[in-house]
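The values are calculated or read from the model by the stated rules, or taken from the named source; none is laboratory data. Only a predicted model underlies this, so the values are computations on that prediction, with no experimental measurement involved. Quick reminder, even Gly has a Cβ in these numbers, built from the backbone with ideal geometry, and neighbours come from all protein chains shown. Calculation scope for accessible area: heavy atoms of the full protein, side chains included, ligands and nucleic acids excluded. Shrake-Rupley method; radii C 1.70, N 1.55, O 1.52, S 1.80 Å.
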Amino acid sequence: MSLTPKLGERGRFAKVSFKEWKKGESNTMKTQEIELRDLDSKKFIERKIEDISSAVGDGLAINALSGGVDSSVVTMLAHKALGSKLKSYFIDTGLMRQDEPEQIVSWFKELGVPVEIFDAQKEFFDALEGLTDPEEKREAITQTFYKDVFGRLVKESGAKHLLQGTNYTDIEETVAGVKRQHNILEQLGVDTQEQFGYKVIEPLIELRKPAIREIGRLTGLQEELYQRPPFPGPALAARVIGEITPERVELVRRATVIVEEELCDSGAFQYLAVLHEDRVTGMRDGKRDFGFQIEVRCWDSEDAVTGSPTRLSYDTLEKLADRITNEVGGVVSVTYNITKKPPSTIEVI
Ligand code: XMP
């Protein structure tokens, strides 16, 4: 018998079941995209500030900042619209990159936006324990974020709204049944007011990444922030095949530091390290070592809808393999993905 709980056994909140979603029965695409060429950035910013301000009124709003481009841009829009009526949280899920929580807080401090780190590591690892199926892992992360962590933060603060950086590609992939992106709720039939006690505001839902970067630039974000390579909401959990434990996340975190150092000047859209589930035989100090496998991915893409692996030089690949096997304990194999999206996807989970 499988130890992995089946979907439906974990107190699911979606009105649309996972099976219905996969069959496409809930798939409505109501949002209209605004393409970069049609975007009047100044007007867009003014309209969003007005929308956020009138939705929140005299109340308080909570903002989910992950430090990715999308949530950083939402933070700037919401800060302009709400000032002290906005409470921004960085949720430390235990799944983030090296030193990420402190780095994000310090970037936003420079912009005059206070951000509080909320430690939810135990909650996330408890929710992920024993899960190996990619969609079950995504579902567990979604529930922990929205029901447990934000549900509690909203209740304690008396806020009635949660702001987040959902973008057009996130909805499209979920609706098309490719992946259930962690931040998609309404399109899956989730009434957040009824189920979590708050409304969700998604100012960037009509835009894709290049347009979001442009809005970020105009709102005054630092270039390091609005030009950051995309990073998924489920964070390093999207890059661990098999069970997600603190030890396995730490392996992929250390490999990620190396991949980001080596590829940050590559001009690629996104680059990442993945930890495989299977171990393989290798050798170290003349002895057998049954070790871990890391896969490196590096993507050329415009908007994450399609992508091709960057043609990295062999020297770069060799350096990556040498550094990862020498610096990340227990890794005996490093591979490079050469498959396009589709049929591959950018993340492995
Ligand atoms: P995939 O792996 O579907 O990823 O080709 C497309 C883009 O989306 C990012 N990604 C996510 N972003 N929540 C997010 O906010 C998610 O659940 C999620 N999953 C993938 C991914 O990094 C890539 O840029």
Residues of region 100-117 satisfying the condition of being outside any helix (DSSP H, G or I) and in contact with an Asp or Glu (Cβ under 9 Å, 6 or more places away or on another chain): Ile117
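Out of the residues in region 50-77 meeting the condition of being assigned to a helix (DSSP H, G or I), out of contact with any strand residue (DSSP E or B) (no Cβ under 7 Å at 6 or more places or on another chain) and away from the ligand (no atom under 16 Å from the Cβ), tell me which one is most open to solvent (accessible area, probe 1.4 Å).
Glu50
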Sole residue being within 26 Å of His276 (Cβ to Cβ) and either over 18 Å from the mean Cα position of the chain (by Cα) or among the aliphatic types (A, V, I, L, M) (or both), chosen from Glu129, Glu136, Glu156: Glu129
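Being away from the ligand (no atom under 16 Å from the Cβ), of a type in the set (D, E, K, R), closer than 30 Å to Glu35 by Cα and modelled with pLDDT of 95 or more narrows it down to one residue among Asp265, Asp300; which is it?
Within the list Asp265, Asp300, the selection yields Asp265.
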If Asp126 satisfies every condition in (1) surrounded by 23 or more Cβ atoms within 10 Å (Cβ to Cβ); (2) away from the ligand (no atom under 15 Å from the Cβ) but one, which is the exception? (1)
Leu251, sole failed condition from (1) open to solvent by less than 30 Å² (accessible area, probe 1.4 Å); (2) within 15 Å of the ligand (Cβ to nearest atom): (2)
3 or more residues among the charged types (D, E, K, R): qualifying helices (runs of 4 or more DSSP H) within region 118-196: 121-128, 134-143, 151-157, 168-175
For region 207-221, the count of residues that are open to solvent by less than 30 Å² (accessible area, probe 1.4 Å) and more than 12 Å from the ligand (Cβ to nearest atom) equals 6
Could you check region 186-204 and list, in sequence order, the residues that are closer than 22 Å to Glu347 by Cα and within 12 Å of the ligand (Cβ to nearest atom)? Leu204
